[in-house]
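Please read the structure below before turning to the comments.
The values are calculated or read from the model by the stated rules, or taken from the named source; none is laboratory data. Note that the structure is predicted; figures quoted are calculated from it, not measured. Glycine also receives a Cβ, built like all others from the backbone with ideal geometry; neighbour counts cover every protein chain displayed.
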Amino acid sequence: MFTTLRNAWKIADLRKKILFTLLIVLLYRIGNVVPVPFVNVKTMSDVFDARLSGTIFGLFDMMSGSAFSQATIFALSIQPYINASIIIQLLTIAIPALERLSKEGGEEGKKKINKITQLTTVALGLLMGFAYYVMLANYNNDASFSGLLMTETGVLPAIVIILSFTAGATLVMWLGDQITQYGIGNGISMILFANIIARIPAGIIKPLIDMLWAQWYWVLALIVAMLAIIVFIVFVSQAERRIPVQYAKRVVGRKVYGGQNTHLPIKVNMSGVLPIIFAQSIASLPATICAFIGINQYSGNWWYDNVFSSTSAIYVVIYLLLIIGFSYFYATIQYNPVEVANNLKKNGGFIPGFRPGRPTSDFIHKVINKITLFGAIYLGIVAVLPMLLGAITGETRFSFGGTSVIIVVSVALETVAAIEAQMMMRNYSGFLEK
């Protein structure tokens, strides 16, 4: 990876793209510490640590680089854009007009889908900004905290707070688009990568330093476990099941087409980190409701301690089952065996040992089910292992969980692949040159 970056730096065009990407990330990190007007940042941090860190807002805080818990203008970060993208993706399958626009519209169709996604992002940003303001209002007069969450109340402060959050989410989306067009890699992924990396000092290094003298053996075990998880993620991210495909020879005029052997690649983890994100969101929903009505880990509630808490055994089991369920859901959405079998049949391709049509689609469906199960187990292990290590060591301050590791490793691999593709394109002399 470092060799690729060093070689890319020597190419002037790629060097400009890398510098532009770093500049956008720097501007984003500066905006990540600008507080929203009328909000007491210190009190908000105290409220988050005491009431909200174990809820779905903990996931939002991780994906925003701690901006959510500090009520900055980028508190919503890329969450509205991610939600909008998922919603439009699901609607594309459910609504025939959007499906035709996506498949048959070409480049113009993609632009229209992107415009719809952007408008949906603004609408969701407005909705989530309003929800954030409602949360601030609910905890504003909580006597258990030293100060008020909002320095001023009323209609005008409410409008300013909501519009600040909405504008921040829209600006984050625009910054991501700039990286995608003029920088290196996918802009939204790069912003998410920067957010998670920014949490490493407080999420990993500081807890390890605090544990070093008293529990040095657990520190060594945690470091080894994290390295093993990273190696495991890299291995599975690159793994794929290759189904052999043969194309029959076709004679068109005086030319013979086809006859070659190839393969149909199916990635082991085709849904990425989305099953973990959705599973965590749903599993944390009861704790989120408890946070709104005033029940937390200090209330002595049996349901919270034994079911809703992220350290309970029941929560872990539910979390695993949700990950497996969402893995199959996204595999079904992304891969249609019948469509793949029909495309192979139209192009004269077939899988050795299986007749074209229904037998081919049944075989592909069977393979996808097996691969999805392995991918779901892999996601479950990566997501739950940090929780188990925290329960064994008694150290619950580690905010760098399995979701964070998968995102960081995946984005790093995708960025390096994008740089290598750019270098290959610039170094290829072409068939017209000698």
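What to note about this one:
- Filtered residues of region 258-278 (kept if assigned to a loop (DSSP other than H, G, I, E, B) and within 16 Å of Asn369 (Cβ to Cβ)): Val268, Asn269, Met270, Ser271
- Verdict on Ala158 being surrounded by 14 or more Cβ atoms within 10 Å (Cβ to Cβ), at pLDDT 90 or above, closer than 17 Å to Ile24 by Cβ and not acidic (Asp, Glu): no
- Residue pairs meeting the criteria (Cβ under 6 Å; at least 6 apart or on separate chains; first in contact (Cβ under 8 Å) with a residue 12 or more places away in the chain, in region 350-373; second assigned to a loop (DSSP other than H, G, I, E, B)): Phe350/Pro356; Thr360/Ile351; Thr360/Phe354; Phe363/Phe354; Ile368/Tyr335; Ile371/Val268
- Selection within region 43-76: residues that are within 18 Å of Ser164 (Cβ to Cβ), of a type in the set (A, V, I, L, M) and within 22 Å of the chain's Cα centre (by Cα). The member of this set that is surrounded by the fewest Cβ atoms within 10 Å (Cβ to Cβ) is Ile73.
- The set of residues in region 177-222 being modelled with pLDDT of 85 or more, buried (at least 20 other Cβ atoms within 10 Å of the Cβ) and over 19 Å from Val416 (Cβ atoms) consists of Asn195 alone.
- When the residues of region 296-315 are filtered to those that are part of a helix (DSSP H, G or I) and surrounded by 18 or more Cβ atoms within 10 Å (Cβ to Cβ), the one that is modelled with the highest pLDDT is Tyr315.
- Residue match in region 44-52 (condition: among the polar types (S, T, N, Q), assigned by TED's automatic domain parsing to the domain that holds Ala131 and either outside any helix (DSSP H, G or I) or touching a residue at least 60 places away in the same chain (Cβ under 8 Å) (or both)): no
Here's the yes/no breakdown for (1) under 14 Å from Val316 (Cα atoms); (2) modelled with pLDDT under 70; (3) within 16 Å of the chain's Cα centre (by Cα):
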site	(1), (2), (3)
Gly380	yes, no, yes
Leu389	yes, yes, no
Phe398	no, yes, no
Ile407	no, no, yes
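- Leading residue by the ranking (modelled with the highest pLDDT) among those in region 20-74 that are of a type in the set (Asp, Glu) and over 16 Å from Asn140 (Cβ atoms): Asp61
- Unmet criterion (only one of (1) under 22 Å from Ala283 (Cβ atoms); (2) part of a helix (DSSP H, G or I)) for Ala97: (1)
Here's the yes/no breakdown for (1) surrounded by fewer than 19 Cβ atoms within 10 Å (Cβ to Cβ); (2) modelled with pLDDT of 80 or more; (3) more than 19 Å from the chain's Cα centre (by Cα):
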site: Phe326; (1), (2), (3): no, yes, no
site: Ala331; (1), (2), (3): no, yes, no
site: Pro352; (1), (2), (3): yes, yes, yes
site: Ile364; (1), (2), (3): no, yes, yes
site: Gly394; (1), (2), (3): yes, no, yes
site: Thr415; (1), (2), (3): no, yes, no
site: Met424; (1), (2), (3): yes, no, yes
site: Asn427; (1), (2), (3): yes, no, yes
site: Lys434; (1), (2), (3): yes, no, yes
